[in-house]
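Accompanying notes for the structure given below.
The values are calculated or read from the model by the stated rules, or taken from the named source; none is laboratory data. Bear in mind that the values here come from a model prediction, so they are computed numbers and not experimental data. Please note: Cβ atoms are built from the backbone with ideal geometry, for glycine as well, and neighbour counts cover all protein chains shown.
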Amino acid sequence: MVITVRQLGLPLGAAAKAKLPTNLTTNKHPVHRWMNFIAGFSPEFVSSCIQNSNTKKNFNLIDPFAGLSTSLVQANLEGLPSVGFEVHPFFIDISRAKLGTYTTNEIHELLAIAAKLKPYKGNLLEVWSDSAVGFLEKLIPETALRALAPVVVAEEKVRTELRPLYRLIFSRVLELTSSSLTDGIYKAPTTRKGTISFEDALKRVTTDLLEDIDYLGPAHQNLATLHGTSSEKMTLLADGSCSICVTSPPYLNNFDFAEMTRMQLYFWRYAGSWGEITERVRRKLIVNTTTAPTDLKRDQAARHDSLSSSFLSIVEPLVQELEAQKRVKAGKKDYYLLVYPYFSQMSAVFSELHRVLRPGSSLHLVVADSALYGVHIEAEKLLAHLMEEQGFYIQSIENLRTRGDRWILEKRQGANKPLGEFHIHAVREK
């Protein structure tokens, strides 16, 4: 089956199931291709959920973990309203850029500002902090970094309503001019990739934007609302105000979203040090990695007590096993401190989703299991358990793909089988 989407130049086909939870098709689609993220899912997945929805009337999609807003962008392309929640400051800015509507004249307005920029000849410490300069110099050749420094300085000249788009454009340029390869999920200063000049990168990025704006035309609207707050308390939404949820929460011990965006956080001066990244970004995120702030991980008693006895009967043995593994060898990570906070926070999100979704609404969630020191945590089943406790009926849990051999390498002490990514389809009970 081919799903045709209103105003979309590249039709959304029935992508291979294994690609649905990935960003591998994103570059084929207008607006989505402006900037995407390795942790994102595909536009095809969102579109299939929308097309199969039984709630076309008074439609309102919600994504409580919006990221770079694949769900919200796709809803816009299909002419449908949506609402999202996101707390990562860089993701918020890029999402707002992708959700905006623009004219070609506005792109040329930004290009005119860029045309006046000259390579920065002064001390880079006048632009960025010492920590930021030290990190950026490892990732970006000096010629490119000095071409990019005036971009940060000149941002104050950009009209307020165009600043998110300005950040999107030059974040793409930043990536294209970086000479460091993304090793799996993180920028690795010791690895190298091909790079292009500042001028060529800017031309490539703005060409994509101009083509898409021209294709979509003036009829394209932004019907999305993005909130920069946690979805653990969605007090901004009324009861029963949404009709479908399409989302992918952070995976347990998979991506540290602050570390993954460290280059951008330093470049745009969201933070000037590692400590500031932790306080300004990590503190707002779901606790899912050992790099979360210590006090959030140590809040074990309250998180434990927020979970039901039936749920604890499943996870307590896992936590005990992880704690035992921690004691076996010095230097091991404290994975056992992640379990209660992670599932406690996710339970709070499901509670809010049950409140804001109408009876009979579908909840589509992409998630993965994990293996921590050989302890297999079937997160998809545990999250489904929490959904059921909050009043959702689980229609299906489908394995979309295996995650590759790198997840079972001996050095990772993974499970003895490949880990997977799963689609949980739940329905809010009446």
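In region 303-326, which residue that is of a type outside the set (Gly, Ala, Ser), within 17 Å of Ala348 (Cβ to Cβ) and in contact (Cβ under 8 Å) with a residue 12 or more places away in the chain is surrounded by the most Cβ atoms within 10 Å (Cβ to Cβ)?
Restricting to residues being of a type outside the set (Gly, Ala, Ser), within 17 Å of Ala348 (Cβ to Cβ) and in contact (Cβ under 8 Å) with a residue 12 or more places away in the chain, the top hit is Arg303.
Are any residues in region 250-267 aromatic (Phe, Trp, Tyr) and buried (at least 20 other Cβ atoms within 10 Å of the Cβ), and if so, which ones?
Scanning region 250-267 gives Tyr251, Phe257, Tyr266, Phe267.
Just wondering, is there one or more residues in region 165-178 that are at pLDDT below 85, hydroxyl-bearing (Ser, Thr, Tyr) and farther than 15 Å from Leu110 by Cβ?
Looking through region 165-178, none of the residues is at pLDDT below 85, hydroxyl-bearing (Ser, Thr, Tyr) and farther than 15 Å from Leu110 by Cβ.
Under 6 Å by Cβ, and 6 or more places apart or on different chains, what pairs join a residue from region 272-289 that is farther than 18 Å from Met346 by Cα with one that is of a type in the set (Ser, Thr, Tyr) and modelled with pLDDT of 95 or more?
These pairs meet every condition: Gly272/Ser129; Ser273/Ser131.
Where in region 233-343 are there helices (runs of 4 or more DSSP H), lying wholly inside it, with at least 2 residues that are hydroxyl-bearing (Ser, Thr, Tyr)?
Those helices (runs of 4 or more DSSP H) span 309-328.
Being free of Cβ contacts under 8 Å to residues at least 12 places away in the same chain and not in a helix (DSSP H, G or I) is the filter here; which residues of region 117-146 pass it?
Gly122, Asn123
Only one of Thr207, Thr247, Thr235 is exposed (fewer than 14 other Cβ atoms within 10 Å of the Cβ), closer than 30 Å to Ser347 by Cβ, of a type in the set (S, T, N, Q) and modelled with pLDDT of 95 or more. Can you tell me which?
After ruling out the rest, the residue left standing is Thr235.
Just to be sure I understand, how many residues within region 24-43 are touching a residue at least 24 places away in the same chain (Cβ under 8 Å), closer than 18 Å to Leu168 by Cα and either part of a helix (DSSP H, G or I) or out of contact with any strand residue (DSSP E or B) (no Cβ under 9 Å at 6 or more places or on another chain) (or both)?
Number satisfying all stated conditions: 11.
Taking region 43-87, which residues are within 20 Å of the chain's Cα centre (by Cα), under 21 Å from Leu236 (Cβ atoms) and of a type in the set (A, V, I, L, M)?
Once the filter is applied, which keeps residues that are within 20 Å of the chain's Cα centre (by Cα), under 21 Å from Leu236 (Cβ atoms) and of a type in the set (A, V, I, L, M), region 43-87 yields Leu61, Ile62, Ala66, Leu68, Leu72, Val73, Ala75, Val83, Val87.
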